[in-house]
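Below: the structure, in structure tokens.
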Amino acid sequence: MTTDFREAIAAATREKMERVGCQSLPDLGESGCVPIPGGRGWLNGIDVFHVIIAAGCLLALAATFLLSVLGVIHQFTFYAVSLGGLAVTLLLRQVKAGIVRVCLTMRADNLIKAAGGRATRPVGIEDARTIRKIKLVIEDRGVCVFDPEQHRLLIEGFSYRYVIYARDVFLVEAAFRYASSGALIRCRMAGQVLEMVLKTDGQGPVASLIQSFNPETGANQLARLINETLFGAKGTTVYRQRELPPPLASA
């Protein structure tokens, strides 16, 4: 069985939180992640439901095309079903992102409540080592809070909760493939190195259509937003720090 790429880091984060007597991950003051019990089941359910709806649209399209060719139904019906299926498919990401946000904000200790007037964005989270693999369910999905005042990202995910500080980040750069857009982040968490990809999520119909043909645009937008939040670097899609400051001393 493959070990989750966050498992060892989450254990180290928990150990450090217990050592300093910290109950909340943001209060730790450095980058880390902690698991959320039962979160993976909710993520699986939402992503599988998305796949079922999308597959249903494709099957409906195939069936109406066949019936149209056989002359059983009028071509107008085929065009109507095709446009309807396309609309549903393009809306799915936005609807799913809304469901994700509602589910996550129901948690009493969620990080989204720390947003205030700060920007938030739905994101997918993937292991950078397997970003090119096609997955039925990705590693995590959640909402990212962009906190430029403290130069950090707060991410409330289904499976894990994450905090990333600028001083712990080696690299941020745009990452995209096929119809997938995101930003690669290589950072230090609890003394270990983590590589993850934050993927753009929850786009509306127009943005989803654009991403299907030009994923680089969404990847660059997200990378610029992350770099501006963490480092104050406006308009930059790639930011590197060759040397990080020493980790904060434990109490």
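Annotations
- Once the range 114-158 is narrowed to residues that are closer than 19 Å to residue 215 by Cβ and among the small types (Gly, Ala, Ser), the residue that is surrounded by the fewest Cβ atoms within 10 Å (Cβ to Cβ) is 128.
- Taking the criterion of being out of contact with any helix residue (DSSP H, G or I) (no Cβ under 6 Å at 6 or more places or on another chain) and surrounded by 16 or more Cβ atoms within 10 Å (Cβ to Cβ), the residues of the range 222-239 that qualify are 222, 223, 224, 225, 226, 227, 228, 229.
- Selection of the range 175-200 for residues being touching a Gly at 6+ places or on another chain (Cβ under 8 Å) and not β-branched (Val, Ile, Thr) yields 175, 176, 181, 182, 189, 190, 198, 199.
- Figure legend. Inter-residue proximity from the range 31-58: first residues over 18 Å from residue 126 (Cβ atoms), second residues of a type in the set (Val, Ile, Thr) and assigned to a helix (DSSP H, G or I), beta-carbon distance below 6 Å, spacing 6+ or different chains. Indicated pairs: 32/13; 34/13; 54/89; 57/88; 57/89.
- In the range 115-127, the residues that are closer than 10 Å to residue 201 by Cβ form Cβ pairs under 7 Å with partners that are crowded, with 17+ Cβ neighbours inside 10 Å and of a type in the set (Gly, Ala, Ser), at six or more places apart or across chains, as follows: 122/97; 122/202; 123/142; 125/142; 125/157.
- Filtering the range 159-175 to residues that are in a strand (DSSP E or B), surrounded by fewer than 24 Cβ atoms within 10 Å (Cβ to Cβ) and hydrophobic (A, V, I, L, M, F, W, C) leaves 170, 171, 174, 175.
- Residue under evaluation residue 34, criteria (1) outside any helix (DSSP H, G or I); (2) surrounded by fewer than 18 Cβ atoms within 10 Å (Cβ to Cβ); (3) of a type outside the set (Lys, Arg), criterion not met: (2)
- Selection of the range 65-113 for residues being assigned to a loop (DSSP other than H, G, I, E, B) and loosely packed, with under 14 Cβ neighbours inside 10 Å yields 70, 71, 72, 74, 106, 108, 109.
- First in the range 195-219 and in contact (Cβ under 8 Å) with a residue 60 or more places away in the chain, second anywhere and in a loop (DSSP other than H, G, I, E, B) and of a type in the set (A, V, I, L, M, F, W, C), Cβ under 9 Å, 6 or more apart: 195/5; 196/5; 197/131; 199/131; 199/138; 208/179
- Positions within the range 146-189 being touching a residue at least 60 places away in the same chain (Cβ under 8 Å), more than 20 Å from residue 107 (Cβ to Cβ) and aliphatic (A, V, I, L, M), in sequence order: 166, 169, 171, 172, 174, 189
Rule-based calculations on the coordinates, nothing more; no lab input. Bear in mind the structure is a predicted one, so any value in this text is a computation, not a measurement. Counting neighbours? That spans all protein chains shown, and the Cβs are built from the backbone with ideal geometry, glycine included.
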